[in-house]
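What follows is a set of notes on a single structure, which appears directly below.
The values are calculated or read from the model by the stated rules, or taken from the named source; none is laboratory data. Keep in mind that what you see is a predicted model, and the values were worked out from it rather than measured. FYI the Cβ positions are ideal-geometry reconstructions off the backbone, even for glycines, and counts take in every protein chain you see.
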């Protein structure tokens with residue numbers, strides 16, 4: 001599935017315990033579709049934050065996979081993950097090791113400053 005629109009919300013980063021055998025990080029974003037009919041918003045998860053970066057107000061196209069998973073109580077949940085991003089701001093390459101060793105003043109990024117929690121639709125929603 002492909003959606004073209006504007007990033008309207010950025011959720012908090014969720015992660016496993018620091019000492020977990022398989023650590024993970026996940027962040028939820030919301031894109032509002034550019035459409036002539038009533039706009040549709042879709043919340044999707046990014047599991048590899050170094051691969052895709054988003055800023056609030058950014059216009060882009062995202063390619064999504066939707067997968068249903070059964071919960072332990074018999075309820076079903078949809079997991080929406082991004083696998084490709086077009087347009088918007090590209091991910092910047094990592095600085096060479098020699099330059100990374102130089103101290104730099106910490107400055108907040110626009111994505112961090114604009115980050116707002118995304119409210120869950122149900123209090124018992126799983127983190128996927």
message: So the check is Cβ under 6 Å with 6+ separation or different chains; which pairs have a first residue in segment 59-88 that's on the phi > 0 side of the Ramachandran plot and surrounded by 11 or more Cβ atoms within 10 Å (Cβ to Cβ) and a second one that's at pLDDT 90 or above and not in a loop (DSSP other than H, G, I, E, B)?
response: 87/60; 87/61; 88/60
- request: Kindly provide the set of residues from segment 18-55 that are within 20 Å of residue 2 (Cβ to Cβ) and not in a loop (DSSP other than H, G, I, E, B), ordered by number.
  value: 28, 29, 30, 31, 32, 33, 41, 42, 43, 44, 45, 46
message: Among the residues of segment 56-87, what is the count of those that are under 25 Å from residue 8 (Cβ atoms) and not in a strand (DSSP E or B)?
response: 4
query: In segment 6-22, what count of residues is obtained for those that are without any contact (Cβ under 8 Å) to a residue 24 or more places away in the chain, surrounded by fewer than 13 Cβ atoms within 10 Å (Cβ to Cβ) and within 17 Å of the chain's Cα centre (by Cα)?
result: 0
